[in-house]
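**Student:** One structure, as structure tokens, below. Some questions next.
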Amino acid sequence: MTTSFGAANPVVLKDPKIQIQSFNGFRSSNSLALIRHIHFISAPCSSCPLIRAVSTQPVNPETAAQTKRSKVEILKEQSNYIRYPLNEELLTDAPNINEAATQLIKFHGSYQQYNRDDRGPKSYSFMLRTKNPCGKVSNKLYLTMDDLADQFGIGTLRLTTRQTFQLHGVLKKDLKTVMSTIIKNMGSTLGACGDLNRNVLAPAAPLVRKDYLFAQQTAENIAALLAPQSGFYYDMWVDGERIMSAEPPEVVQARNDNSHGTNFKDSPEPIYGTQFLPRKFKIAVTVPTDNSVDILTNDIGIVAISGDDGEPLGFNIYVGGGMGRTHRLETTFPRLGEPLGFVPKEDILYAVKAIVVTQRENGRRDDRKYSRMKYLISSWGIEKFRSVVEQYYGKKFQPFRQLPEWEFKSYLGWHEQGDGSLFCGLHVDSGRIGGKMKKTLREVIEKYNLNVRITPNQNIILTDIRAAWKRPITTSLAQAGLLHPRYVDPLNLTAMACPAFPLCPLAITEAERGIPQILKRVRAVFEKVGLKYNECVVIRVTGCPNGCARPYMAELGLVGDGPNSYQIWLGGSPNQTSLARSFMNKVKVQDLEKVLEPLFYHWKRKRQSKESFGDFTTRTGFEKLQELVEKWEGPVVAPARYNLKLFADRETYEAMDELARLQSKNAHQLAMEVVRNFVASQQNGKSE
Ligand code: SRM
Ligand code: SF4
């Protein structure tokens, strides 16, 4: 099919070899600026390839009015595919890089930061984020990251909400060493940040099952399809050496296909062009029922559908999810993905590309607050969005297939992989691996030559474990506080917090550093109002409204809105399918009980059978809940407490005490948790 979108509109400059793509409506206002910048960049970048990106420029309806462009659009355009001025800035003696380079280095997978706890001159460092589709991390890469954290970082590794590692505190002078070490150990940070496709999520479980393997392979193919092609990353960090694994032919074919006007012809970036996407772009792939990936929060959510015989048939596609918002700006909002349609399995890369290109061409580039695809879909409506995507896809979407209920799957504890080996999912509070935990994890991973997976909930899975290793591994891990989930407070198991202070420049208040105390206080409220130990509420905390720990999907979301204060969001569901709503603003951290106590008290007493806290708050309605909070004078009768005395031999006590300290508890608290969890698991008939 030939495209109905019209022909290319390249801006042809004086030198006929230099052509710059134009995006709708940007052409006339920018030609002069382009001529200026090309003279400017050609000198320092004489060894870089010539700028050549000619859009085939399909034209979409009603978008030609955009003329203003954000600063970042101009920086991208002037960068010679994300090289200049970063290449120069990295060579200076200064501990930091300038604003333009700061924007560009994101595309290379790094952010410039400074320690906000420090007074005086800014202490600059860089955070590096890896890209690990499906959260897969090879043994070699894990050990490399572990070493790098000690040698060049702040001594910790951070598992993220998108199945990657973050390494904080790398100094500018060490960046090249760290980057090249990651690359040479089969890791990558390319495109972990910046205006392009971010890490592609997929269930982390190493289950040897056709549906899981198919979903994971699809996630890897999509990641490859949308990886930058122009070589800026390898030029910058490994002097142009291309250290990449071979791509499946179907990925190369889909990337090069231009039958429907998706590509910039002859461009080093056939899908992204010089401008890349208007904003970050996020994709998750999963299988029916498995919502370990928070599927509806992604720009594209893909569900691999299999037939009755287990053979993969194709994919349901959701579009338009996203979390970020700005306080007091109601035109910004979190949004759930909505169904776009179904495509047969051989079409998925083409359908994804068509969606990405629709956003590339039509997403706003004037104001980054509104540049995510969710705003495009909100303003167009799904019908119009679908019809534009279909033109790039070259086909109609089939009706969305019916799906069973979603479930949140954590994969914590021990499980069979399905190939004779075991895997072990470990909860890591806020994904922060440090101290004794880091040392022990390394020892275990190294000794047994284990591969690793990172989950979208900041946890880690050790894979490929032989049955005979289970006991010694369990013992080693437990000594470092990495316990079977049965012995971890259920509130911690589902909680998440973003990094926030001290390094995130956007943090308004604490999140990762504040959550341990908050969870303990929630536990105390639970006890006070008589809620059982094994009852659970999904709690997520972020230091600002950007939503990095997806607080708007939580049953109780705390979103920093001032120093030591949080906006409270209620109404998410345990399986992450409904959006929470803002309940109260500016609740000081020390006043949280005043709100949480009445809410949990009434949930305990007024809920319907098995009603989750999120569903209870939605059913009751915020007006009623607000009234309850305002009139709250404390529980009528404090629940009775029964005394359970525990005596232990010295050795057990000391081991318990050490474990407890690792979890910032005392030995008695930990012992009570273990007992409660054991009793609860017996009652629930849970097995490993
Ligand atoms: Fe995020 C920006 C950390 C997942 C929405 N995010 C940041 C930065 C880089 C701050 C900055 O721009 O300078 C944070 C670095 C803090 C630090 O010191 O480490 C940061 N985001 C994180 C991580 C590490 C949180 C975590 O606890 O794990 C996650 C890394 C993911 C990864 O491996 O790729 C992380 N960020 C998310 C998610 C969740 C997700 O993707 O599933 C979201 C919400 C989903 C979404 O994108 O809609 C998210 N981060 C944002 C936003 C708001 C985007 C928006 O559309 O408005 C920003 C700010 C921005 O982009 O301007 C942001
Ligand atoms: Fe930083 Fe805000 Fe993201 Fe937390 S939610 S990491 S404070 S940008």
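The values are calculated or read from the model by the stated rules, or taken from the named source; none is laboratory data. None of the values given here were measured: they were computed from a predicted structure. Backbone-built Cβ (ideal geometry, glycine too); neighbour counts: all protein chains shown. Areas reflect the complete protein model, heavy atoms only, side chains present, ligands, DNA and RNA absent. Shrake-Rupley method; radii C 1.70, N 1.55, O 1.52, S 1.80 Å.
**Student:** Going through Gln567, Gln479 one at a time, which residue ends up being away from ligand 1 (no atom under 16 Å from the Cβ) and in contact (Cβ under 8 Å) with a residue 12 or more places away in the chain?
**Tutor:** On the way: Gln567 fails: away from ligand 1 (no atom under 16 Å from the Cβ).
So the residue among Gln567, Gln479 that is away from ligand 1 (no atom under 16 Å from the Cβ) and in contact (Cβ under 8 Å) with a residue 12 or more places away in the chain is Gln479.
**Student:** Return the only residue of Gly240, Gly231, Gly261 being modelled with pLDDT of 95 or more and over 26 Å from the mean Cα position of the chain (by Cα).
**Tutor:** Gly261
**Student:** Restricting to the range 91-116, give me the number of residues that are β-branched (Val, Ile, Thr) and surrounded by 23 or more Cβ atoms within 10 Å (Cβ to Cβ).
**Tutor:** 2
**Student:** Starting from the range 544-563, take each residue that is over 18 Å from Asp294 (Cα atoms) and list its partners that are near ligand 2 (Cβ under 10 Å from one of its atoms) and of a type in the set (Asp, Glu), counting only C-beta distances under 9 angstrom and pairs at least six apart or across chains.
**Tutor:** Filtered contacts from the range 544-563: Gly560/Glu510.
**Student:** State which residue is nearest to ligand 2 (Cβ to nearest atom) when the search covers only the range 536-567 and only residues that are within 18 Å of Ser410 (Cα to Cα), in contact with a helix residue (DSSP H, G or I) (Cβ under 7 Å, 6 or more places away or on another chain) and assigned to a loop (DSSP other than H, G, I, E, B).
**Tutor:** Just the residues of the range 536-567 that are within 18 Å of Ser410 (Cα to Cα), to begin with: 536-540, 549-551, 553-555.
Narrowing the set further to residues that are in contact with a helix residue (DSSP H, G or I) (Cβ under 7 Å, 6 or more places away or on another chain) leaves 536-540, 550, 553, 555.
The next check asks that each one be assigned to a loop (DSSP other than H, G, I, E, B); those that pass are 536-538, 550, 555.
Working: Cys536: 23, Val537: 20, Val538: 17, Arg550: 10, Glu555: 18 Å.
Across the range 536-567, the extreme among qualifying residues is Arg550.
**Student:** Hey, another quick one. Quick one: count up the residues across the range 272-307 that are open to solvent by 10 Å² or more (accessible area, probe 1.4 Å) and aliphatic (A, V, I, L, M).
**Tutor:** Residues that pass the stated criteria total 2.
**Student:** Can you tell me which residues in the range 275-307 are more than 15 Å from Arg335 (Cβ to Cβ) and free of Cβ contacts under 8 Å to residues at least 60 places away in the same chain?
**Tutor:** Gly307
**Student:** Mind checking which residues of the range 316-332 are within 16 Å of ligand 2 (Cβ to nearest atom) and part of a loop (DSSP other than H, G, I, E, B)?
**Tutor:** Filtering the range 316-332 for residues within 16 Å of ligand 2 (Cβ to nearest atom) gives 322-329, 332.
Within the range 316-332, Met323, Gly324, Arg325, Thr326, His327, Arg328, Leu329, Thr332 meet the criteria.
**Student:** Return a yes/no flag: does the range 569-579 have any residue that is within 20 Å of Glu405 (Cβ to Cβ) and within 13 Å of ligand 2 (Cβ to nearest atom).
**Tutor:** Step one: filter the range 569-579 for residues within 20 Å of Glu405 (Cβ to Cβ), giving 571-579.
Still in the running and within 13 Å of ligand 2 (Cβ to nearest atom): none.
Taking every residue of the range 569-579 in turn, none turns out to be within 20 Å of Glu405 (Cβ to Cβ) and within 13 Å of ligand 2 (Cβ to nearest atom).
**Student:** Can you say whether Ala497 is within 15 Å of ligand 1 (Cβ to nearest atom), open to solvent by less than 20 Å² (accessible area, probe 1.4 Å), touching a residue at least 40 places away in the same chain (Cβ under 8 Å) and touching a Phe, Trp or Tyr at 6+ places or on another chain (Cβ under 8 Å), as far as the supplied structure shows?
**Tutor:** Values: within 15 Å of ligand 1 (Cβ to nearest atom): yes; open to solvent by less than 20 Å² (accessible area, probe 1.4 Å): yes; touching a residue at least 40 places away in the same chain (Cβ under 8 Å): yes; touching a Phe, Trp or Tyr at 6+ places or on another chain (Cβ under 8 Å): no.
So Ala497 fails the test.
**Student:** Moving to a separate point now. Within the range 459-473, is there a residue that is in a loop (DSSP other than H, G, I, E, B), crowded, with 19+ Cβ neighbours inside 10 Å and hydrophobic (A, V, I, L, M, F, W, C)?
**Tutor:** No.
**Student:** Just wondering, is there one or more residues in the range 315-325 that are β-branched (Val, Ile, Thr) and within 18 Å of the chain's Cα centre (by Cα)?
**Tutor:** Checking the range 315-325: at least one residue is β-branched (Val, Ile, Thr) and within 18 Å of the chain's Cα centre (by Cα).
**Student:** Same structure, new question: Just one of the numbered conditions (1) modelled with pLDDT of 95 or more; (2) under 25 Å from the mean Cα position of the chain (by Cα) is not true of Glu250; which one?
**Tutor:** For Glu250, the failing item is (2).
**Student:** Please find, within the range 515-557, the residue that is most open to solvent (accessible area, probe 1.4 Å) out of those that are within 16 Å of ligand 1 (Cβ to nearest atom) and polar (S, T, N, Q). Steps first, answer last, please.
**Tutor:** Kept after step one, since they are within 16 Å of ligand 1 (Cβ to nearest atom), are these residues of the range 515-557: 515-516, 518-519, 538-554, 557.
In the following step, the residues that additionally are polar (S, T, N, Q) were identified as 542, 546.
Details: Thr542: 2, Asn546: 66 Å².
If we take residues in the range 515-557 being within 16 Å of ligand 1 (Cβ to nearest atom) and polar (S, T, N, Q), then Asn546 is most open to solvent (accessible area, probe 1.4 Å).
**Student:** Among the candidates Asp235, Asp257, which residue alone is away from ligand 2 (no atom under 16 Å from the Cβ), of a type outside the set (Gly, Ala, Ser) and buried (at least 16 other Cβ atoms within 10 Å of the Cβ)? Don't jump to the end; show me each part of the working.
**Tutor:** On the way: Asp257 fails: buried (at least 16 other Cβ atoms within 10 Å of the Cβ).
Exactly one of Asp235, Asp257 is away from ligand 2 (no atom under 16 Å from the Cβ), of a type outside the set (Gly, Ala, Ser) and buried (at least 16 other Cβ atoms within 10 Å of the Cβ), namely Asp235.
**Student:** Something else about it: Checking the condition touching a helix residue (DSSP H, G or I) at 6+ places or on another chain (Cβ under 7 Å), touching a residue at least 40 places away in the same chain (Cβ under 8 Å) and surrounded by fewer than 21 Cβ atoms within 10 Å (Cβ to Cβ), which residue from Thr358, Thr326 passes?
**Tutor:** On the way: Thr358 fails: surrounded by fewer than 21 Cβ atoms within 10 Å (Cβ to Cβ).
Among Thr358, Thr326, only Thr326 is touching a helix residue (DSSP H, G or I) at 6+ places or on another chain (Cβ under 7 Å), touching a residue at least 40 places away in the same chain (Cβ under 8 Å) and surrounded by fewer than 21 Cβ atoms within 10 Å (Cβ to Cβ).
**Student:** In the range 361-379, which residue that is open to solvent by 10 Å² or more (accessible area, probe 1.4 Å) and over 17 Å from Glu73 (Cβ atoms) is nearest to ligand 2 (Cβ to nearest atom)?
**Tutor:** Per the stated criteria, the residue is Ser378.
**Student:** Return only the number of the condition from (1) of a type in the set (Asp, Glu); (2) touching a residue at least 24 places away in the same chain (Cβ under 8 Å); (3) open to solvent by 40 Å² or more (accessible area, probe 1.4 Å) that Glu597 does not satisfy.
**Tutor:** Of the numbered conditions (1) of a type in the set (Asp, Glu); (2) touching a residue at least 24 places away in the same chain (Cβ under 8 Å); (3) open to solvent by 40 Å² or more (accessible area, probe 1.4 Å), the odd one out for Glu597 is (3).
**Student:** Exactly one of these conditions fails for Tyr84: (1) of a type outside the set (A, V, I, L, M); (2) surrounded by fewer than 23 Cβ atoms within 10 Å (Cβ to Cβ); (3) more than 16 Å from ligand 1 (Cβ to nearest atom). Give me its number.
**Tutor:** Status for Tyr84: all satisfied but (2).
Table: residues versus (1) within 30 Å of Lys122 (Cβ to Cβ); (2) in a loop (DSSP other than H, G, I, E, B); (3) more than 15 Å from ligand 2 (Cβ to nearest atom).
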{"site": "Leu483", "(1), (2), (3)": "no, yes, yes"}
{"site": "Glu510", "(1), (2), (3)": "yes, yes, no"}
{"site": "Arg513", "(1), (2), (3)": "yes, yes, no"}
{"site": "Ile518", "(1), (2), (3)": "yes, no, no"}
{"site": "Lys532", "(1), (2), (3)": "no, yes, yes"}
